[in-house]
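A.B. asks: Structure incoming, see below.
The values are calculated or read from the model by the stated rules, or taken from the named source; none is laboratory data. Please read all numbers here as calculations on a predicted model, not as lab measurements. Quick reminder, even Gly has a Cβ in these numbers, built from the backbone with ideal geometry, and neighbours come from all protein chains shown.
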């Protein structure tokens, strides 16, 4: 520019060369990114597969150390971190090379004063390294820990939501989750402020380098003159430095996070596996023993006390073995030992032929009834029908909306306990295996159904009569038909032999039988009433679970409004001003430089260089302060918003009715709480930060180019339109793709969750490969929507960079044309700034789509704000007396309810009056509406018609918590939460320790608990897995004893307990709840023979109601049931 007589073609040649080189750079760079992403994606898929396959072979002691929530976190968060690592890893070694090259050119250009720049770089790095280290520590130790805790708790809340509602415990758990959340946000805030410091040192860093270099350069020698060439070549080089220098800390922090994730993954993948040699499998031979245990000692973990000692069993081919014993005596452990699920300390276990296993708590997949039974085999019509008939499932299939094509909710939500057990049993029978291990499959079903199943399936005339069957049971009536009975006491076999042999020995078993011979466990036969013509079922009735839906179109403006409204205008306006101020400072700083460069040289020096240097330094400093201010402000805004949004989501979910949880898979909800909240925590503020700073930067560039060559506006405007077009095209696509990806991610988690819970069943049936295949298909499907997403990003970036290169070309050519009028300083400023345009443009789009994509999270978190809610928990100013209900009378007036809109009524026109202190038994076939009555009293389901009065108060008019906290239920499946035993009994800490102990004593748990290492503070593991099922049932009884309300509802509460414990529970209830109204949903008639009234339910009606004696004399349905049970 200085050279008056340089030919114009030279200018044009340089301009075009600049354009071509930047185009080439774009193409190479994006091809490289594309390859990196593909590799990263493969790594992610591979690791997900690994974690999944590992979850199928992990042993029980290792399984107890990592909860389902943590495993899901490994798949969601940690695999993603590894992928990021693959993408950005190369920056770790490439960046230093780029930095070295830049510094080398600067040295050539400015001589020794370039060293000043190098010194600044060297000073700033350790500081950043220190900050990065601190941040990663915060993130791992604290934030991740609290997040894991919060997700674990959420997972349990979602699994035990029914219990929370029955007990009105939502508030206690809400507090717990929010406690975790607060700690997590505190760590996040610290980490964000550290991050702001590092950004500040970084962005204000480039002014510092320039200041140092130019200062030293001018100071060294008066003859050193800063002209346009010196200033702007140096500035261009410093700008090139920006990319590697900003990538480096990011790459380093990604690497650190990846290392942490690798450690977590490593720890999980190295955890102990089930030993293959625990059980020696052999093919079936015609004779000999099918199951042999010789001198076996087994424990659940390698260090723990043995749970089974000195076990010797030989089970001959085709025999029926019954295993009996008290709660917690090791019956289930014995079956686990045969399956190889426990640690074998010593001895020999061998099993011949294929195995089928029915666990004590049925594990049901979220699929149709048919899929659950066939379990991966092909469907043989006649055999399938025989199995259904034998397992007494045909009447149930008639009740289910779409027969065997009805979809069962997660964990079998829409089936009753008995139905789940029978489906689980049918799955085993359908297998045609050689050895059957049945863990108390008859406990949850009505006794007459139990008898039917025993006769048709397990017994000497059943479908399995030629197979080897090992049956754990509490039912005395089945024992005479067993070939061999094993009596377990505290993990040892004390007696074994046939029924007659054991009786003749007069041992403990014989006494036991004599004591309980009178209370036979047989029961009612509710004959299936002949089906009335059912209306044709609409197709979608059998569908239950709602698939996570993808919204379409761009994110609505409301979402942004909602997000910003959560933050509040008072904070947003100052932020915008701060940004404008920051960019203003930057503009002044650059313009000052160009004026300096244009300063005339008077006899070899420039005048007052010192003043210029001072102003230059001051402007740089102001810019740095402004940057720090904006980043901190935005991080804090993000935290304010995400705290509020998480709170709303949590409250919305907890306020939803039961029906909502039945049709929303927990995977979807967990996805909201893990992934989406995480995005709102970190990604949205990050995106906003980037976007705002780049938008303002772009404005600055345009102003500078226009100041130099006003004519440029002609070129800038069409380019802007082109840019807008490309951008809008991309944002719409990308947004949709991200939604599809998010939606296809939920099934991965749901499937994972299911697998971890049903691992023992999957292993017993040898279906691992099929489940692995399913998991792989789900991951692949997720990747099919992920792949186009990043390809689209590359397409966009290439297009944008070409637009940006156009701006460079325009600025350069216009400068050459206006050579005569322009000063070199201004031209240098314009060209060096226009070189940054490509970067700025692609960053704007990237951060904009980031914001769009992550605002989707706000949308998804907000989805549940509009779903139906329960009635309010507490009604302000209600005049409920403190001691209500005092008497405990219950009155139903023409009451009816239905499970979902469109299904027929489950209870029809119930009118009934229960007096105070009355004991009422409810009996009837599975699905007759016994449990529905309990759901109605607790308003888990609202009345479809009619009213219920308790002590004369219409329960529909009081708050749900007021109602539910004043009546008690002992539910069918005992649910415990991870936390101390005390927390499980009394989450609100309302009772003293004495009261808690006395309730444990009455529930016959005192000895057990006082022998535990931590007594009341004993940590229950997730779902209470470290207590046996019977003990969990007793804990539920202790809960009821602690609350001691006037009304108690017992729902089949004694299903999983042996007879002695059962008698204890019954007597406890009789004595402790003597002055209360007790409603028992009974399965065994002998428990209710001394009740004041018995109600026989049938298909939602009351078919008979009177005192037991009168009903027997009327010779109706109840009489037939009693005759079956041998009570009359």
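A.B. asks: Assuming residue 939 fulfils every condition listed in (1) within 30 Å of residue 1122 (Cα to Cα); (2) part of a loop (DSSP other than H, G, I, E, B); (3) modelled with pLDDT of 85 or more apart from one, which condition is it?
C.D. replies: Going through the list (1) within 30 Å of residue 1122 (Cα to Cα); (2) part of a loop (DSSP other than H, G, I, E, B); (3) modelled with pLDDT of 85 or more, residue 939 breaks only (1).
A.B. asks: For residue 341, all conditions in the list (1) crowded, with 22+ Cβ neighbours inside 10 Å; (2) closer than 30 Å to residue 305 by Cα; (3) over 27 Å from the mean Cα position of the chain (by Cα) hold save one; what is the number of the exception?
C.D. replies: Residue 341 satisfies all of (1) crowded, with 22+ Cβ neighbours inside 10 Å; (2) closer than 30 Å to residue 305 by Cα; (3) over 27 Å from the mean Cα position of the chain (by Cα) except (3).
Conditions tested, residue by residue: (1) part of a helix (DSSP H, G or I); (2) within 48 Å of the chain's Cα centre (by Cα); (3) at positive phi; (4) touching a residue at least 60 places away in the same chain (Cβ under 8 Å).
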site: 703; (1), (2), (3), (4): yes, no, no, yes
site: 707; (1), (2), (3), (4): yes, no, no, yes
site: 715; (1), (2), (3), (4): yes, no, no, yes
site: 723; (1), (2), (3), (4): yes, yes, no, yes
site: 729; (1), (2), (3), (4): yes, yes, no, no
site: 732; (1), (2), (3), (4): yes, yes, no, yes
site: 736; (1), (2), (3), (4): yes, yes, no, yes
site: 739; (1), (2), (3), (4): yes, yes, no, yes
site: 743; (1), (2), (3), (4): yes, yes, no, yes
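A.B. asks: Just wondering, is there one or more residues in segment 1114-1124 that are surrounded by fewer than 16 Cβ atoms within 10 Å (Cβ to Cβ) and within 27 Å of residue 1060 (Cβ to Cβ)?
C.D. replies: So far as segment 1114-1124 goes, yes, one or more of its residues are surrounded by fewer than 16 Cβ atoms within 10 Å (Cβ to Cβ) and within 27 Å of residue 1060 (Cβ to Cβ).
A.B. asks: Looking at 793, 838 in this structure, which one is under 30 Å from residue 667 (Cα atoms) and in the same structural domain as residue 24 (by TED's automatic domain parsing)?
C.D. replies: Selected residue: 793, the only one of 793, 838 that is under 30 Å from residue 667 (Cα atoms) and in the same structural domain as residue 24 (by TED's automatic domain parsing).
A.B. asks: Within segment 1009-1020, how many residues turn out to be closer than 19 Å to residue 307 by Cα, in contact with a helix residue (DSSP H, G or I) (Cβ under 7 Å, 6 or more places away or on another chain) and surrounded by fewer than 15 Cβ atoms within 10 Å (Cβ to Cβ)?
C.D. replies: Summing the residues that are closer than 19 Å to residue 307 by Cα, in contact with a helix residue (DSSP H, G or I) (Cβ under 7 Å, 6 or more places away or on another chain) and surrounded by fewer than 15 Cβ atoms within 10 Å (Cβ to Cβ) in segment 1009-1020 gives 0.
Every residue, every condition in (1) part of a helix (DSSP H, G or I); (2) farther than 18 Å from residue 229 by Cα; (3) modelled with pLDDT of 85 or more, yes or no:
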{"position": "11", "(1), (2), (3)": "yes, no, no"}
{"position": "18", "(1), (2), (3)": "yes, no, no"}
{"position": "26", "(1), (2), (3)": "yes, yes, no"}
{"position": "40", "(1), (2), (3)": "yes, yes, yes"}
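A.B. asks: Quick one: is residue 180 at pLDDT 85 or above and farther than 17 Å from residue 73 by Cα?
C.D. replies: no
A.B. asks: Hey, can you tell me all the residues within segment 880-904 that are assigned to a loop (DSSP other than H, G, I, E, B) and touching a helix residue (DSSP H, G or I) at 6+ places or on another chain (Cβ under 8 Å)?
C.D. replies: Within segment 880-904, 880, 899, 900, 902, 903 meet the criteria.
A.B. asks: Give segment 207-248 a look and list any residue that's at pLDDT below 75, closer than 16 Å to residue 100 by Cα and buried (at least 19 other Cβ atoms within 10 Å of the Cβ), or say none.
C.D. replies: 209, 245
A.B. asks: In segment 905-916, how many are in a loop (DSSP other than H, G, I, E, B) and at pLDDT 85 or above? Don't jump to the end; show me each part of the working.
C.D. replies: The first filter runs over segment 905-916 and keeps only residues in a loop (DSSP other than H, G, I, E, B), leaving 905-906, 915-916.
After this cut, where a residue has to be at pLDDT 85 or above as well, the list is 915.
Qualifying residue count for the region: 1.
A.B. asks: Next question. Would you pick out the residues in segment 1009-1023 that are in contact (Cβ under 8 Å) with a residue 60 or more places away in the chain and assigned to a helix (DSSP H, G or I)?
C.D. replies: Within segment 1009-1023, 1022, 1023 qualify.
Condition check ((1) surrounded by fewer than 21 Cβ atoms within 10 Å (Cβ to Cβ); (2) in contact with a strand residue (DSSP E or B) (Cβ under 8 Å, 6 or more places away or on another chain)) across all residues:
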site: 944; (1), (2): yes, yes
site: 950; (1), (2): no, yes
site: 977; (1), (2): no, yes
site: 980; (1), (2): yes, yes
site: 990; (1), (2): yes, no
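A.B. asks: Looking at segment 626-639, which of its residues are touching a residue at least 60 places away in the same chain (Cβ under 8 Å) and over 28 Å from the mean Cα position of the chain (by Cα)?
C.D. replies: Residues satisfying the conditions are 627, 628, 630, 631, 632, 633.
A.B. asks: Test residue 632 against the criterion of being in contact with a helix residue (DSSP H, G or I) (Cβ under 8 Å, 6 or more places away or on another chain), at pLDDT 80 or above, farther than 21 Å from residue 683 by Cβ and part of a helix (DSSP H, G or I), and give yes or no.
C.D. replies: Considered against the rule, which asks whether it is in contact with a helix residue (DSSP H, G or I) (Cβ under 8 Å, 6 or more places away or on another chain), at pLDDT 80 or above, farther than 21 Å from residue 683 by Cβ and part of a helix (DSSP H, G or I), residue 632 comes out as no.
A.B. asks: It is to be established whether one or more residues within segment 434-446 are without any contact (Cβ under 8 Å) to a residue 40 or more places away in the chain and under 19 Å from residue 394 (Cβ atoms).
C.D. replies: For segment 434-446, residues without any contact (Cβ under 8 Å) to a residue 40 or more places away in the chain and under 19 Å from residue 394 (Cβ atoms): present.
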